[in-house]
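Here the structure is laid out as structure tokens; the discussion comes afterwards.
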Amino acid sequence: EKGGWSSFMAKEISEEPEAVAKTILGRVDDRGTVTIPELDGLDELFLDIDRIVVIACGTASYAGAVGKYAIEKWAKVPVDVELSHEFRYREPVITPRTLVISISQSGETMDTLMAVKFARESGARTVSICNTQGATIPRESDAVVYTHAGPEVAVASTKAFVAQITALYLLALHVARVRGALSAEVIAEQAAELQAIPDKIAAVLENNDTIEQLAHWMADTRAVLFLGRHVGFPIAMEGALKLKELAYIHAEGFAAGELKHGPIALIEPGQPVFVVVPSPRGAQTIHSKVVSNIEEIRARGARIIAIAEEGDVAVLPSADEVIRIPLAGPLFEPLLSVVPLQVFAMALASAKGLDVDQPRNLAKSVTVE
Ligand code: F6R
């Protein structure tokens, strides 16, 4: 039931802190050791793999794209992220040392199911990340790591997305421990960062007024662009997808570094651009490069809405609006920066009088290829 909420989507976004907390539950102990009980007995497999391929569709694929940064940094295993329907219809190189991780909220997406079966038949080992107990994809996989976001009713995925990133981060830390790729101390530090996320998401959700007002002002907008870099890049893609599917507005996400390679030609006076700004406490060069991107598009008249960490003053001179997120380790920012983008798409769709739970032409679970 919707409870007091205007839509399932509004309710499900409000449940994001819980979705992350429940996904962490029972997987991090008092000393900060990360152990996913469902992966018990797979140590040899994790020691043996030389490559990970993540397969998923839509929003789940963007969770996978965020996860790649964490798996490579912590577990030090190379990762490719592929759309399920593209993976299957070519001749990907799969060996017994390939681990295929599928991500699916429903666990029934036909494109992903067929890709998992194909991966197994080709000799890969398979782990599924899924939000639905007993669904088909986990049954077809060697192991499953459940996300515990609770049932997601709105067609557009929100709380499952943050739970998927959480599960991927736990998986990355689990594999890093097994492979000895990180010290126990560093694993504990990262686990503590993850455990702090639910309260930080709750803080973001308390500050929705600016983004909701902005959505009302922008109800007539015809096109919106989203820029991000590093883990902010898949978040830009996800922000654009949410706006397309909910508000039927043409939206595109870009890697900020690609701007000068083409997309900057789209910038004309008044063009709204959301920019997911990396923390200035992380890689300095990335932060300053994104700030330069903001200045470049500002000079061409773009209307800039920056999603930036508290206290980042570098964005102030050029951004028209700044949406603040609490401080978090660089890899953890996506779990916070995606929230205002979800709220924006929902509020804009509502301002246009659209049904945010049931966007046109879409089904919650896509069971045909
Ligand atoms: C977007 C959305 C879709 C799904 C995709 C995969 O809001 O919900 O892009 O993420 O269809 O669905 P699952 O995760 O059920 O495999």
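The values are calculated or read from the model by the stated rules, or taken from the named source; none is laboratory data. Worth saying up front: this structure is predicted, and the values here are computed from it rather than measured. Here the Cβ is made from the backbone with ideal geometry for all residues, glycine too, and neighbour counts use every protein chain on show. Remember, those area values only see protein heavy atoms, side chains included, never the ligands or the DNA or RNA. Shrake-Rupley method; radii C 1.70, N 1.55, O 1.52, S 1.80 Å.
Scanning segment 150-171 for residues that are among the small types (Gly, Ala, Ser), open to solvent by 10 Å² or more (accessible area, probe 1.4 Å) and more than 11 Å from the ligand (Cβ to nearest atom) yields one hit, Gly150. Picking from residues in segment 50-74 that are free of Cβ contacts under 8 Å to residues at least 60 places away in the same chain and within 12 Å of the ligand (Cβ to nearest atom), the one that is nearest to Val338 (Cα to Cα) is Ser61. Among the residues of this structure, Glu82 does not count as one that is more than 14 Å from the ligand (Cβ to nearest atom), farther than 19 Å from Leu194 by Cβ and not polar (S, T, N, Q).
Residues in segment 107-145 that are within 13 Å of the ligand (Cβ to nearest atom) and either closer than 24 Å to Ala21 by Cα or open to solvent by less than 10 Å² (accessible area, probe 1.4 Å) (or both): Gly107, Thr112, Ala115, Val116, Ser128, Ile129, Cys130, Asn131, Thr132, Ala135, Ile137, Pro138. Screening Ala265 with (1) touching a residue at least 60 places away in the same chain (Cβ under 8 Å); (2) open to solvent by 10 Å² or more (accessible area, probe 1.4 Å) gives one miss only, at (1).
Can you tell me how many residues within segment 296-314 are touching a strand residue (DSSP E or B) at 6+ places or on another chain (Cβ under 7 Å), part of a helix (DSSP H, G or I) and surrounded by fewer than 22 Cβ atoms within 10 Å (Cβ to Cβ)?
Total satisfying the criteria: 1.
Any residue that is touching a residue at least 60 places away in the same chain (Cβ under 8 Å) and open to solvent by 10 Å² or more (accessible area, probe 1.4 Å) - is there at least one of those in segment 284-295? Scanning segment 284-295, I find at least one residue that is touching a residue at least 60 places away in the same chain (Cβ under 8 Å) and open to solvent by 10 Å² or more (accessible area, probe 1.4 Å), so the answer is yes. When every residue of segment 92-105 is checked against the conditions, at least one turns out to be more than 23 Å from Glu189 (Cα to Cα), open to solvent by less than 10 Å² (accessible area, probe 1.4 Å), touching a Gly at 6+ places or on another chain (Cβ under 6 Å) and within 16 Å of the ligand (Cβ to nearest atom).
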